[in-house]
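The structure appears right after this line, and notes come after that.
The values are calculated or read from the model by the stated rules, or taken from the named source; none is laboratory data. Being a predicted model, the structure only gives us computed values, none of them experimental. Cβ placement follows ideal geometry from the backbone for every residue including glycine, while neighbour counts extend to all protein chains displayed.
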């Protein structure tokens, strides 16, 4: 079948949207200056599977659809463009419209069109910065009435749909999907809410199999339900359904109270798993998913003390990525036997992305002393550096796969599967290079909303709070599609690099809306 090519610069109005995004038009940067990244990725790639946009069309698609990044850190810049290049591979045209998949080859545990809901929230957060709205409009509708199964794995559906609407400025899709989002929420309540008010989940259905803390009342599913209740309340308000909004605000408040009372270990100062059943006690292990509540801004300020574990080498800090369990725990292990996907020590981009999103939220909240913007940058740098693979000929190429050895950067599942003799590696027998270009996390969103600091909002205020290091002399994120405008965010210490003046500057369609002489939080109004 001949691949279907998207035409990014000729975006027509899509039914149900208020307006098409404006044509890609950078104010400062020149798209052609970044084409070499995609050319290099294409040249290094063995294109095993083709989605809606093949490698040959990758640059034409990306130059008109993504924000352009210029910064002094080559690892972050390379990984930024690499992750957009890999995300593009996962855009698939189906009879039900566009979807975004997780694995490029078909896997037996997937649903219709090889869809998997486990990382769908990541797909929506990352892809919300694409200019063409049809891709994620279709994908959002797919989960609710077009054949998707939104409850095969834990999935923060309403929250991620609302998060996207906060970027596009178009709330109509979220309002259209409100009945389905409520139905989905109620189904989770019936299936996974215990009499104690907390939600439970099997660790495997969180996509976190072989975890130390195991199944039970987990911070993951409870945080997702808090996030979805909060989002449903906001969407209901837009829809003029005040009673529904009040009901879901109350649900969110109840979950928050329970998470902080029942899942918080005051001695360990961390959120943990509580097994189901009478007279159970919290798990003995701190696990990285204990940071999930901050992804949804759930915890009150005193709980920020948990973040001391992120930079502790006996906690989660490691040379090639945050570990999924604290390293001081006796059951922490980096194993090359048994199940190929284990959450008892290895670093997982999925969980790293959740953690760094939560950290950016924390750093945009009330002051705290547990962790800093400097730490955010260090963790993001390590995450960027982990996106590498050494080939047999000695070349090192950009790479994203499944789980990572946090001590040496080896992609564990890839090493394991390649050695198996049961056909797991061979094309047609489970998928050659199953984890190659794995779409199970975010990176670009962490750069845009964290490092550069564009904080999406539902109103017409542009808020920018960069977490970039003060040592940087410059950075620029250009042609950002936001609320129907093209935004440009730049920092230029001398004013010589971009010719737009010194300091931090924010432009909407070429008109300055905010500025500061230093890297600090600024706001401006869209007119």
Of the criteria (1) surrounded by fewer than 17 Cβ atoms within 10 Å (Cβ to Cβ); (2) closer than 29 Å to residue 98 by Cα, which one residue 246 fails: (2)
In segment 68-91, the residues that are surrounded by 18 or more Cβ atoms within 10 Å (Cβ to Cβ), free of Cβ contacts under 8 Å to residues at least 60 places away in the same chain and either within 22 Å of residue 382 (Cα to Cα) or touching a strand residue (DSSP E or B) at 6+ places or on another chain (Cβ under 6 Å) (or both): 77, 81, 85
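Would you point out the residue of segment 181-195, among those that are over 30 Å from residue 345 (Cα atoms) and touching a helix residue (DSSP H, G or I) at 6+ places or on another chain (Cβ under 9 Å), that is surrounded by the most Cβ atoms within 10 Å (Cβ to Cβ)?
So the residue we want is 181.
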Unique match (being modelled with pLDDT of 95 or more, touching a strand residue (DSSP E or B) at 6+ places or on another chain (Cβ under 7 Å) and under 26 Å from residue 231 (Cα atoms)) among 325, 306, 318: 306
Qualifying positions in segment 326-347 - farther than 18 Å from residue 440 by Cβ, touching a residue at least 40 places away in the same chain (Cβ under 8 Å) and in contact with a helix residue (DSSP H, G or I) (Cβ under 9 Å, 6 or more places away or on another chain): 326, 334, 336
Condition met for residue 56 (assigned to a loop (DSSP other than H, G, I, E, B), more than 20 Å from residue 448 (Cα to Cα) and at pLDDT 95 or above): no
Complete set of residues in segment 321-365 that are under 19 Å from the mean Cα position of the chain (by Cα) and surrounded by fewer than 20 Cβ atoms within 10 Å (Cβ to Cβ): 361, 364
Some residue of segment 376-391 being touching a strand residue (DSSP E or B) at 6+ places or on another chain (Cβ under 9 Å), farther than 16 Å from residue 441 by Cβ and exposed (fewer than 15 other Cβ atoms within 10 Å of the Cβ): yes
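Answer yes or no as to whether residue 184 is modelled with pLDDT of 95 or more and part of a helix (DSSP H, G or I). Lay out the reasoning, then the answer.
Numbers: modelled with pLDDT of 95 or more: yes; part of a helix (DSSP H, G or I): yes.
Spelling it out, residue 184 is indeed modelled with pLDDT of 95 or more and part of a helix (DSSP H, G or I).
Within the group 94, 168, which residue is more than 25 Å from residue 341 (Cα to Cα), modelled with pLDDT of 95 or more and buried (at least 19 other Cβ atoms within 10 Å of the Cβ)? Give the derivation first.
Values: 94 fails: buried (at least 19 other Cβ atoms within 10 Å of the Cβ).
After ruling out the rest, the residue left standing is 168.
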Segment 208-242, residues that are touching a strand residue (DSSP E or B) at 6+ places or on another chain (Cβ under 7 Å) and assigned to a helix (DSSP H, G or I): 219, 220, 221, 222, 225
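Matching residues to (1) touching a strand residue (DSSP E or B) at 6+ places or on another chain (Cβ under 6 Å); (2) outside any helix (DSSP H, G or I):
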residue	(1), (2)
93	no, yes
102	no, yes
116	no, yes
125	no, no
135	yes, no
141	no, no
151	no, yes
162	no, no
